[in-house]
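**Q** Got a structure for you, written out below as C-alpha cells; questions coming shortly.
The values are calculated or read from the model by the stated rules, or taken from the named source; none is laboratory data. Note that the coordinates shown come from a computational prediction; the quantities given were computed from them, not determined experimentally. Backbone-built Cβ (ideal geometry, glycine too); neighbour counts: all protein chains shown. We work out accessible area using only protein heavy atoms, side chains counted, and drop any ligands, DNA or RNA first. Shrake-Rupley method; radii C 1.70, N 1.55, O 1.52, S 1.80 Å.
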Protein chains: 2
Amino acid sequence: MGKVTSEISMSLDGFITGPNVRVGNGMGDDGDRLHDWMFDAKTETDAAIVDEKYASTGAVLIGKRMFDVGFEPWGDPPPFGMPVFIVTHEAREPLPMQGGTTYTFVTDGIESGLELARAAAGDKDVGVWGGANIMRQYLKAGLLDEMQLHLIPILLGDGIRLFEDLDPEGIELRRTSSIETPGATHFRFEVVKSSA
Amino acid sequence: MGKVTSEISMSLDGFITGPNVRVGNGMGDDGDRLHDWMFDAKTETDAAIVDEKYASTGAVLIGKRMFDVGFEPWGDPPPFGMPVFIVTHEAREPLPMQGGTTYTFVTDGIESGLELARAAAGDKDVGVWGGANIMRQYLKAGLLDEMQLHLIPILLGDGIRLFEDLDPEGIELRRTSSIETPGATHFRFEVVKSSA
C-alpha cells in the first residue's frame with residue numbers, strides 16, 4: 001500500500017492562492033506566481049520533482065472548491081492522467097474524461113474518499129492535492145503520512161492560507177528532505193503521529 | 001553604512017510565538033520550540049549563524065511588546081551586548097544595563113528609531129529583531145535591506161503571525177541563501193525595492 005501524501009505550493013507568507021479566487025481566477029490575483037517553478041522558471045530539478053510526483057501517485061483527492069475553479073482550466077484531457085476523487089456535499093454521477101482521469105464525487109466524508117482513492121491507486125501513493133481545507137482535514141484526522149510543501153519566496157499578502165484554524169496537538173513533522181531551486185524550496189515532511 | 005536586516009524564527013505555519021504571549025510567557029505556549037535551534041538542538045552551523053549575526057550587528061531595534069515580555073528573562077547583562085532601541089509611544093529615560101546594552105526609548109516613529117540605531121551601529125548592520133509588528137512596519141516602509149528568516153519545521157497552530165495585514169505591493173524578495181540544519185532552514189532574502 002502506498003503513502004498518503006499532500007502536495008501544494010505556498011508563499012512565504014503562507015498563502016496557497018492570491019486573493020479573489022473564483023471560477024475564471026482559480027489561483028486568485030497573482031497566485032499563478034506560486035506555480036512559476038513548474039512553468040516559466042522550471043529547472044531540471046523542478047521538472048524531476050514534478051515527474052516523480054506523477055510517477056508515484058496512483059489517485060488524487062481534491063476538494064470541491066478546487067474542482068470548481070480548476071475544471072475549466074484543466075480541460076480535457078485533464079493534467080492528472082489518473083482517477084480523481086472530489087470530496088463534496090453534492091452528489092453527482094462520475095465524470096469520465098480523456099487520458100485516464102475520471103472525476104468521482106464522494107459525499108460521505110474524507111475517510112470514505114481515502115478508501116476509494118486507495119483502492120484506485122493500488123500500490124501507488126494517494127495524493128491530496130488541495131485546496132487548503134481538505135488538506136487540513138486529512139492532516140487533523142491523522143490520515144496524512146507525508147506533506148510535500150513547495151515554499152515559494154514571494155509575498156502574496158492575501159488569499160487562502162494553508163495553515164489556519166489548525167490545532168496541531170499530536171501532529172509532529174519530521175523534515176525528510178529539502179531541495180532548493182531558484183523558484184522554490186521543496187520540502188518533504190513525514191507526519192509523525194504521536195499515537196503511533 | 002551597514003544594512004538594515006530583520007531576523008526572526010517562524011514556524012512552518014507562520015507564527016513567531018505560540019498563543020498566550022504575556023509577561024512571564026514571552027514566547028507564548030510552546031513558543032520556545034522556535035528557538036531550540038539556538039539552544040537544545042544547536043549544531044555548529046546554527047552556532048556560526050548566531051555568531052555571525054552578533055558580529056555583524058551594531059545596534060538593535062525592537063518593538064515595545066517584545067521589550068515588555070523580554071526585559072525580565074533577558075536579565076542583566078542582556079544578551080544583546082550592544083545598544084537597543086525600543087520603538088514605543090511611551091516616553092521613558094534611557095536605561096543603561098551591563099555589558100554594552102542601553103535600552104533607549106524612541107517615541108517619534110520608526111524612521112527616527114532607525115536613524116538613532118544607524119548612528120549607534122556605525123559601519124555595522126542595524127538589526128530589526130522583532131516582534132512581528134515592527135518588522136512589518138520596516139518592511140512596508142521600504143526600510144529593510146534584508147530579511148533573515150529561520151523557518152522551523154513545527155506547527156504551533158496559534159500565536160503571533162509574522163505575515164498578516166501586509167500589503168506586499170512593491171516588495172519583492174530575492175532568496176540569497178538557504179542553509180539547512182536539523183532544527184531550521186535559515187533563509188536570507190534581499191528585499192528588492194521596485195522604486196530602486
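**Q** Can you find, within the range B:158-168, the residue that is surrounded by the fewest Cβ atoms within 10 Å (Cβ to Cβ) among those that are touching a Phe, Trp or Tyr at 6+ places or on another chain (Cβ under 9 Å) and charged (D, E, K, R)?
**A** If we take residues in the range B:158-168 being touching a Phe, Trp or Tyr at 6+ places or on another chain (Cβ under 9 Å) and charged (D, E, K, R), then B:Asp158 is surrounded by the fewest Cβ atoms within 10 Å (Cβ to Cβ).
**Q** Given A:Gly170, A:Gly159, which one is at positive phi and at pLDDT below 95? First the steps, then the outcome.
**A** Values: A:Gly159 fails: at pLDDT below 95.
Going through A:Gly170, A:Gly159 in turn, just one is at positive phi and at pLDDT below 95: A:Gly170.
**Q** A follow-up question, please. Looking at the range A:155-184, which of its residues are within 7 Å of chain B (Cβ to nearest Cβ) and within 22 Å of B:Gly157 (Cα to Cα)?
**A** The answer is A:Leu155, A:Leu156, A:Gly157, A:Phe163, A:Leu166, A:Asp167, A:Pro168, A:Ile171, A:Leu173, A:Arg175.
**Q** Please state which of the following conditions B:Ile171 fails to meet, knowing it meets all the rest: (1) within 23 Å of B:Trp37 (Cα to Cα); (2) over 16 Å from the mean Cα position of the chain (by Cα); (3) open to solvent by less than 40 Å² (accessible area, probe 1.4 Å); (4) β-branched (Val, Ile, Thr).
**A** Evaluating B:Ile171 over (1) within 23 Å of B:Trp37 (Cα to Cα); (2) over 16 Å from the mean Cα position of the chain (by Cα); (3) open to solvent by less than 40 Å² (accessible area, probe 1.4 Å); (4) β-branched (Val, Ile, Thr) leaves (1) as the failure.
**Q** Of the residues B:Val128, B:Val192, which single one is open to solvent by 40 Å² or more (accessible area, probe 1.4 Å), more than 10 Å from every other protein chain (Cβ to nearest Cβ) and within 20 Å of A:Pro153 (Cβ to Cβ)?
**A** None of the others qualify; the one that does is B:Val192.
**Q** For the range B:1-17, what are the residues that are out of contact with any strand residue (DSSP E or B) (no Cβ under 7 Å at 6 or more places or on another chain) and more than 21 Å from A:Leu149 (Cβ to Cβ)?
**A** B:Met1, B:Thr17
**Q** Can you tell me which residue in the range B:47-78 is nearest to B:Glu7 (Cα to Cα), limited to those that are of a type in the set (Gly, Ala, Ser) and surrounded by fewer than 17 Cβ atoms within 10 Å (Cβ to Cβ)?
**A** The selected residue is B:Ser56.
**Q** If B:Phe187 meets every condition in (1) more than 18 Å from the chain's Cα centre (by Cα); (2) surrounded by 21 or more Cβ atoms within 10 Å (Cβ to Cβ) apart from one, which number is that one?
**A** (1)
**Q** Now a separate question. Restricting attention to the range B:139-170, report how many residues are touching a Gly at 6+ places or on another chain (Cβ under 9 Å) and among the aliphatic types (A, V, I, L, M).
**A** Looking only at that region, the number is 5.
**Q** Which ones in the range A:1-44 are part of a helix (DSSP H, G or I) and away from chain B (no Cβ under 14 Å)?
**A** Across the range A:1-44, the qualifying residues are A:Asp32, A:His35, A:Met38, A:Glu44.
**Q** Taking the range A:98-118, which residues are open to solvent by 40 Å² or more (accessible area, probe 1.4 Å) and without any contact (Cβ under 8 Å) to a residue 24 or more places away in the chain?
**A** Listed by number, the residues that qualify are A:Gln98, A:Gly99, A:Gly100, A:Thr102, A:Thr107, A:Asp108, A:Glu115.
**Q** Test of understanding: among A:Phe80, A:Phe85, which residue is at pLDDT 95 or above and either assigned to a strand (DSSP E or B) or touching an Asp or Glu at 6+ places or on another chain (Cβ under 8 Å) (or both)?
**A** A:Phe85
**Q** Filter the range A:134-154 down to the residues that are at the interface with another protein chain (Cβ under 10 Å from one of its Cβ atoms), more than 15 Å from the chain's Cα centre (by Cα) and not β-branched (Val, Ile, Thr) and list them by number.
**A** Within the range A:134-154, A:Pro153 is the sole residue that qualifies.
**Q** Taking A:Glu52 and the conditions (1) away from chain B (no Cβ under 14 Å); (2) in a strand (DSSP E or B); (3) under 18 Å from A:Thr185 (Cβ atoms), which numbered condition does it fall short on, given that it satisfies the others?
**A** For A:Glu52, the failing item is (2).
**Q** Would you confirm, using the coordinates I've provided, whether A:Gly122 is modelled with pLDDT of 95 or more and over 23 Å from A:Met82 (Cβ atoms)?
**A** So A:Gly122 does not fit the description; no.
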